[in-house]
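Below is one structure, written out as structure tokens, with a few remarks after it.
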Amino acid sequence: QAKAIVALAQSRPHEAPVRVIVVDEADTLNASAANSLLKTLEEPAARNHLVLCTSAPERLLPTIRSRAQRVRFRALTEDALLKIAAAAGIDAARAQVAVALADGSAARMLEAARADDDAGAKWEAVAALRAAVTAPGITAALDTASVLAGDKENKEALPPIVALLARLYRDALVTSAGAPELALFA
């Protein structure tokens, strides 16, 4: 794949004024692949742009980092993700849960929303947690989390569920502190 990127980046775009080559999860490039991109990153052909996406830039080779300009992207808002979901034809209820699990990423939201219905345990777990968090007191949420943790079907879905629980509690805290505009989710 790295060789294909190098070959593509050394030619001029013919269907558009510029070509943008996106390397997703660039931190997973092995040393050989990363080294093959060095010259191309340093001197791409005219009208070619390479974008290396990573959530762990420290995992990129130092030689790659020295040839790249860092651009930080913020997480997308819930409204923006819901618009993307609507444009993709995802029903509103499923989109709400997918947005909650996406942590601001359109790709993760679409992946979660398009997950097979065999992953129903995850959807049920998220719905149960959302209902438990809105109940008064902490007992309902802790009891629900305990039940979910003990269920083998939910074990794989537990990390995003725990992250969702943390975000839901954060929202509850900022709302009760009088700053509902800081809440991540409606």
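Here are some notes:
- Nearest-0.05 FRET efficiency for Ala166 and Ala45, computed from C-beta distance (R0 35 Å): 0.15
- Taken as entire DSSP H runs, the helices of the chain that both span 24 Å or more between Cα atoms along their own long axis and average 0.0 or more on the Kyte-Doolittle scale are 158-176.
- Evaluating 6.51 cos²θ - 1.76 cosθ + 1.60 at θ = phi - 60° for every residue in segment 24-29, the Karplus couplings come out as 7, 6, 4, 5, 8, 5 Hz, glycine and proline recorded as x.
- Check: segment 30-72 dipole with +1 on Lys, Arg Cβ and -1 on Asp, Glu Cβ, in debye: 120 debye
- Remark on Leu52: its backbone amide H falls under 5 Å from those of Val23, a criterion applied only to residues 5 or more positions apart or on other chains, H modelled at 1.01 Å from N.
- Once the 1.4 Å probe is applied to the protein heavy atoms, segment 1-94 comes out at 71 Å² accessible per residue.
- Length released on extending from Ala106 to Val18, taking residue separation times 0.36 nm less the Cα-Cα span: 29.3 nm
- In a reduced charge model with +1 at each Lys and Arg Cβ and -1 at each Asp and Glu Cβ, the chain shows a dipole moment near 880 debye about its Cα centre.
- Annotation for Ser66 and Ala149: the two label points, set 7 Å from Cα along the Cα-Cβ direction, are 4.7 nm apart.
- Heavy-atom accessible surface of segment 11-141: percent carbon and sulfur, 1.4 Å: 53 percent
- Translational diffusion of segment 1-129 was estimated from the Stokes-Einstein equation, with Rh taken as the Kirkwood radius over Cα pairs; at 4 °C and 1.567 mPa s the coefficient is 76 µm²/s.
The values are calculated or read from the model by the stated rules, or taken from the named source; none is laboratory data. Every value quoted in this text rests on a predicted model; they were computed, and no experiment measured them. Glycine gets a Cβ as well: all are built from the backbone with ideal geometry, and neighbour counts include every protein chain shown. Just the protein is used for accessible areas: all its heavy atoms, side chains included, with ligands, DNA and RNA removed. Shrake-Rupley method; radii C 1.70, N 1.55, O 1.52, S 1.80 Å.
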